[in-house]
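Have a look at the structure below before the remarks.
Only the coordinates and a few stated rules stand behind these numbers; no lab work does. None of these values were measured; they are calculated from a predicted model. Methodologically, a virtual Cβ is constructed for each residue, glycine included, from the backbone with ideal geometry; neighbour enumeration extends over all protein chains shown.
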Amino acid sequence: MSRKIQRSRPGQEAMTLLEVLLALAIFTIISNVALAIFSTTTIWIKHSRYESTATYYAASLLEELREKPEKIKSVSLAEPEILGLGEGYTPSIPPGISAQIDMEKLDALDRLYRIRVTLSWYEGEQKQKLCLLTMMRKGESGL
């Protein structure tokens, strides 16, 4: 009992190949769009990580100054290590992030200082910057 294999029409094989090529082209377009979305998301996640770490580091420097007001003095663009700050920050600041502290004594009040912590880093070729600004009183708190 042998079966006869039916042969399809000559144009049918070419149509199947055309369908496969069309499906591959559609799949390629969809996968390229998906990869573009994921790579953009990865860039945003990396930026958020740097920004969160920088914010946490700057806030810890300001908190350390609140705890140790004797370290408050008029300085311009000093690094935290020079002022003896940043030891309490854990984990250590990631490489590539630089910090500067600017403390300015306000003229109207002797013990009031404007303190700015500026952090900068590079993401690719773009320089990113984050700045936290606050005012602190130096000395006793009983006014």
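Multiply the residue separation of Glu70 and Thr55 by 0.36 nm, subtract the distance between their alpha-carbon atoms, and state the gained length in nm to one decimal.
Residue separation times 0.36 nm, minus the Cα-Cα distance, leaves 3.1 nm.
Ranked highest first by the average count of other Cβ atoms within 10 Å around their residues, in what order do 17-25, 126-134 fall?
Order by mean packing, descending: 126-134, 17-25.
List every residue whose amide H lies under 5 Å from the amide H of Leu85, counting only residues 5 or more places away in sequence or on a different chain, with H placed 1.01 Å from N in the peptide plane.
The answer is none.
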